[in-house]
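The values are calculated or read from the model by the stated rules, or taken from the named source; none is laboratory data. In this text, all values refer to a predicted model and were calculated from it rather than measured experimentally. As a convention, Cβ positions derive from the backbone with ideal geometry for all residues, glycine included, and neighbour counts pool all protein chains shown.
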Amino acid sequence: MIGSLDLATLQKLWWLLGSVVGSLFLFLTFVQGGQTLIWQLGKNETEKSLIINSIGRKWELTFTTLVLFGGALFAAFPKFYATSFGGAYWVWIAILFTFIVQAVSFEYRKKPENLFGPTVYEAFLFINGVVGILLIGTAVGTFFTGSNFVLNEYNLVKWTTPWRGLEAAQNIFNVSLGIFLVLNARVLGALYLLNNIDFSGMDAFKTRTRNAVLSNFVASLPFLLIVLIGLLTMDGFNIDPATGIVSMMPFKYLKNLIEMPIVLIILLTGLGLVIFAVYSARFQNKDSGIWFAGLGTVLVGLAVFFTAGYNHTPFYPSKADLQSSLTIFNASSSHYTLTAMTYVALIIPVVLAYIAYVWKQMDSKKLKAQELEGPEASENY
Amino acid sequence: MLEQIDLSTVNWARAQFALTAMYHWLFVPLTLGLTFLCAFFETIYVKTGKEEWKELTKFWMKLFGINFAIGVATGIILEFEFGTNWANYSWMVGDIFGAPLAIEGIVAFFLEATFFAVMFFGWNRVSKGFHLLSTWMVAIGSNLSALWILVANGWMQFPTGMAFNPDTARFEMQNFFDVVLSPYAISKFTHATTSGFALSSFFVIAISSYYLARRRHVKMAKRSIAVASVFGLIASLMVAFTGDEAAFIDGKHQPMKLAAMEGLWDGQKNAPVVAFGIVNGMKEPGDFQDPFVVEFKIPGLLSLLANRQAGSFVPGINDLVFGNKDYNITGVTDMIKKGKRAVKYLAEYKAAKKAGDLTKASNALALFNQYKDFLGYGHLDSPKEAVPPVSITFYSFHIMAAVGTGMIIIFLLYLFFTAKGTIERNTWLYPIGILFFVLAYIAGEAGWVVAEVGRQPWAIQGLLPVKVARTDIAPVNVKLTFFMFLITFTLLLIAEVKIMLKQIQIGPKEVK
């Protein structure tokens with residue numbers, strides 16, 4: 001069956017798969033959110049250790065999902081990989097840099113003779129949580145606001161500003177999306193901690209965590225508003241399906257949502273789930289909010305990626321030269337490669353199944369402060 | 001294809017790739033082997049139920065974890081570097097090269113990432129059996145990730161299963177299995193992973209020897225050596241066997257690399273291996289200088305290595321540059337001429353297509369198709385460019401081969417004295433064991449130098465030179481990131497080594 005899919009179907013399918021991986025990554029940024037809450041919520045060493053060990057058992061999953069997002073885009077849309085990574089050079093380098101320092105920080109923070117001392121490693125985690133996610137959001141923002149590049153007749157990229165991608169940070173829409181993702185990650189982080197840690201005997205810590213859910217959500221609202229209003233009112237990039245010519249179109253993304261009502265429903269459901277999660281955590285003292293907010297974040301992510309790539313919309317538009325804009329049709333791999341990759345993708349449900357199984361096995365018992373003390377203490381983060 | 005070629009950007013990008021790859025390879029081989037050793041140790045624990053084996057497993061796992069973290073940190077850069085520094089490459093071969101990278105993520109990285117947490121934090125959360133399974137999954141996951149990235153690297157050495165599409169101006173995959181099962185993919189995977197197993201075995205042997213010398217943790221050290229010397233011996237024999245295979249396929253598909261490895265300038269029958277030599281670094285193609293200042297040769301051995309046929313002809317650098325009619329070898333000089341035509345006709349095809357002149361376009365395409373196999377050579381300016389740095393390749397190869405041979409002997413000695421029960425008395429062996437741990441690192445890095453420097457100027461052998469593969473970016477950017485990575489990785493390496501030494505000093509928990 002896979003062998004008989006036509007190219008356009010495969011291109012749409014791979015944009016869907018990429019969107020799923022990207023959206024799952026956004027959910028898993030509860031790790032990064034948690035990293036930015038270490039100092040705020042952890043008032044003593046035990047509390048700090050609980051936070052770090054709680055999210056520390058998931059950091060690699062988030063990291064790996066980001067790597068897969070990159071790998072999947074490389075395989076399915078190599079022109080995007082080449083254009084964006086090579087073009088918006090400094091944005092990606094800065095993002096990667098925060099993930100380099102994250103990768104060692106959980107493991108090295110408490111180990112003796114670690115060269116920098118624990119505070120520096122905690123700062124690395126903080127930087128990854130704030131700067132890393134902020135820039136990822138800013139980069140995703142350019143899917144709507146456009147970038148500055150030209151492709152030559154050999155499809156090779158030339159960036160037209162010396163800032164190599166950093167210029168995206170001048171755009172209030174891009175930056176607001178970035179800040180929203182940081183604050184949303186903090187909401188997710190606090191919700192994850194509520195669900196994962198055994199707070200018995202630490203009421204003040206638990207209250208602080210519950211309050212963080214609401215305060216970060218409230219703080220995120222103005223940025224969410226800017227993003228939503230911006231998205232619904234801005235001129236967008238449109239592909240003429242008959243000629244393939246890209247031009248600017250007023251209210252393009254609003255039109256996308258109206259013309260793809262399922263995406264609108266996904267978006268509203270996602271936002272509703274996040275709001276419900278925050279409400280239940282703060283006002284109903286429930287600890288299961290992470291699942292609702294997690295699913296909500298995935299849905300919002302999907303709506304964002306679908307709006308960017310479907311319905312005759314170039315997902316990586318160029319402001320400098322509209323006709324250089326990347327669409328899921330002109331940026332993809334060949335029919336053969338997409339088909340081969342689709343066979344490989346059949347294994348994804350198996351991967352998701354064992355991740356879910358292990359997650360359940362590991363988290364069925366909540367993390368207790370006692371586990372981090374005593375003779376086994378040195379075996380933890 | 002590119003209006004201006006800025007050599008300094010490409011050189012900084014090459015330096016950055018060398019830097020990040022060599023740093024990454026400080027951590028990867030240990031991950032590849034130590035995880036299997038941990039799995040062996042834990043299997044013995046589960047089989048015997050003895051707490052001593054559990055503590056032994058936990059000790060080596062702790063060292064594994066410290067190493068693993070920095071391996072991850074250096075690894076992410078390598079993947080994205082293809083995009084940041086080699087954007088043209090990413091477009092021109094992404095249709096083939098992207099797939100193994102994505103598969104690596106799907107089938108391998110998630111195994112590692114998921115089961116890593118169980119391995120370290122699951123001792124009291126999951127059953128004994130599931131914990132053991134998790135450790136094995138991390139071992140298999142790490143090695144699967146090596147498989148896919150080495151499939152990708154193998155394809156760069158020996159591009160196969162693809163064709164050039166003039167409309168998109170890129171290479172496109174035609175046969176997935178040709179890519180995955182290419183002799184280079186198999187050779188790279190087996191040679192690199194088994195060398196990692198050997199290095200990891202020396203890691204365990206070196207630390208255990210240190211404990212024996214200090215009369216600490218004697219029982220644990222002896223047990224560790226017993227397992228590691230068996231694993232190491234098997235691995236090092238495999239390294240030798242797969243290394244021979246690597247040289248054989250180089251002879252077939254990368255003869256220039258093989259000639260540089262042995263400093264062979266003029267091809268000959270019954271070609272020798274230079275057991276020891278000092279290379280004349282000034283020598284250039286076509287001149288009459290001696291290739292060596294000093295040399296000690298073993299006649300006929302290179303013919304055997306390259307062709308598995310005594311007395312057979314092995315082409316030298318000069319034959320490959322200028323051609324050799326007697327042996328039907330087309331020289332680089334000739335291929336550049338044809339390549340220039342391919343570049344020209346491709347440009348004509350593109351221009352005609354843009355102008356809508358279909359007749360002209362189809363004529364240009366027909367001409368292009370005659371010369372398309374030489375497209376990569378069309379970007380070279382002189383035949384000299386096709387010759388890799390001979391000295392670096394030669395010395396790296398010889399260091400690697402010498403250490404590789406020595407490894408087998410040292411593993412044999414450790415195994416012999418362990419079997420005899422006299423390993424504690426033969427203290428003279430300990431410093432040699434520790435020395436070989438360091439040498440194994442040098443050999444592993446040297447091996448990558450042979451593989452990568454030995455195929456310069458190519459990013460993709462014969463198809464895409466590095467100067468075309470690079471990103472169009474001002475050199476200052478790449479220079480800056482080079483130093484960013486140099487400083488960061490060096491500091492993290494210092495932190496890693498300090499943490500590691502401290503943990504070794506603390507040692508495993510003794511079971512009373």
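Scanning segment A:358-371 for residues that are in a helix (DSSP H, G or I) and either among the aliphatic types (A, V, I, L, M) or within 9 Å of chain B (Cβ to nearest Cβ) (or both) yields A:Val358, A:Trp359, A:Gln361, A:Met362, A:Asp363, A:Ala369, A:Glu371. Considering each residue of segment B:90-101 in turn, none proves to be farther than 13 Å from A:Gly71 by Cβ and of a type in the set (S, T, N, Q). The residues in segment B:458-512 that are of a type outside the set (A, V, I, L, M), at the interface with chain A (Cβ under 7 Å from one of its Cβ atoms) and under 23 Å from B:Ile66 (Cβ atoms) can be counted, and the count is 3. If you go through segment A:36-70 and keep only what is farther than 17 Å from A:Val182 by Cα and at the interface with chain B (Cβ under 9 Å from one of its Cβ atoms), you end up with A:Asn53, A:Gly56, A:Arg57, A:Lys58, A:Glu60, A:Leu61, A:Thr64, A:Thr65, A:Val67, A:Leu68, A:Phe69, A:Gly70. Of the residues making up segment A:335-346, those that are at the interface with another protein chain (Cβ under 7 Å from one of its Cβ atoms) and either out of contact with any helix residue (DSSP H, G or I) (no Cβ under 6 Å at 6 or more places or on another chain) or of a type outside the set (A, V, I, L, M) (or both) number 2. Residues of segment B:70-99 that are closer than 30 Å to B:Gln503 by Cα and either touching a residue at least 12 places away in the same chain (Cβ under 8 Å) or more than 7 Å from chain A (Cβ to nearest Cβ) (or both): B:Ile70, B:Gly71, B:Ala73, B:Thr74, B:Gly75, B:Ile77, B:Leu78. Among helices (runs of 4 or more DSSP H) entirely within segment B:314-413, having at least 3 residues that are out of contact with any His (no Cβ under 7 Å at 6 or more places or on another chain), surrounded by fewer than 20 Cβ atoms within 10 Å (Cβ to Cβ) and modelled with pLDDT of 95 or more singles out B:332-355, B:358-371.
Among the residues of segment A:132-146, is any assigned to a helix (DSSP H, G or I), within 12 Å of another protein chain (Cβ to nearest Cβ), small (Gly, Ala, Ser) and buried (at least 24 other Cβ atoms within 10 Å of the Cβ)? Checking segment A:132-146: at least one residue is assigned to a helix (DSSP H, G or I), within 12 Å of another protein chain (Cβ to nearest Cβ), small (Gly, Ala, Ser) and buried (at least 24 other Cβ atoms within 10 Å of the Cβ). Against the conditions (1) buried (at least 20 other Cβ atoms within 10 Å of the Cβ); (2) among the charged types (D, E, K, R); (3) more than 10 Å from chain A (Cβ to nearest Cβ), B:Arg170 satisfies every one except (3). Among the residues making up segment A:89-105, a single one is farther than 12 Å from B:Phe80 by Cβ, without any contact (Cβ under 8 Å) to a residue 40 or more places away in the chain and facing chain B (nearest Cβ under 7 Å): A:Val104.
Across segment A:219-250, the number of residues qualifying as part of a helix (DSSP H, G or I) and loosely packed, with under 15 Cβ neighbours inside 10 Å comes to 7. If you check A:Arg210, A:Arg186 for being under 19 Å from the mean Cα position of the chain (by Cα), among the charged types (D, E, K, R) and under 30 Å from A:Thr46 (Cα atoms), only one passes: A:Arg186. Is segment B:162-178 home to any residue that is among the hydrophobic types (A, V, I, L, M, F, W, C) and part of a helix (DSSP H, G or I)? Looking for residues that are among the hydrophobic types (A, V, I, L, M, F, W, C) and part of a helix (DSSP H, G or I), one finds at least one in segment B:162-178, hence yes.
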